[in-house]
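K.L.:
Got a structure for you, questions after.
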Amino acid sequence: MDVDEVRAEELSKPGDDCRVLEARVAEVERVNARLEEAALTTARALGEVSHHWDAVYDAMRRDRVEDEISSERDPKSG
């Protein structure tokens, strides 16, 4: 092997390593984008669940208040 071939081989290794790293970074960026999308979907879903539970608690509160009002009007039924 002559000097030029050795230098060419030495110079090609960092280039190959760089291409491998670029491919890995690109894959990490794709995975990260999917994770961000999943996080947004999860946040929206949790917001919806929270909204539904708020509605359930409001309905329970209204029922309790209505029951209290009814029992105040007619103490015999309570």
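K.L.:
Can you name the number of the only condition in (1) part of a loop (DSSP other than H, G, I, E, B); (2) surrounded by 10 or more Cβ atoms within 10 Å (Cβ to Cβ) that Thr41 fails?
P.N.:
(1)
Residue-by-condition table, conditions (1) part of a helix (DSSP H, G or I); (2) among the aliphatic types (A, V, I, L, M); (3) at pLDDT below 95; (4) under 25 Å from the mean Cα position of the chain (by Cα):
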site	(1), (2), (3), (4)
Asp4	yes, no, yes, no
Leu11	yes, yes, yes, no
Glu36	yes, no, no, yes
Gly47	yes, no, no, yes
His51	yes, no, no, yes
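The values are calculated or read from the model by the stated rules, or taken from the named source; none is laboratory data. Values in this document were obtained by computation on a predicted structure and should not be read as measured data. Don't worry about glycine lacking a Cβ; one is built from the backbone with ideal geometry, like all the others, and counts go over all protein chains shown.
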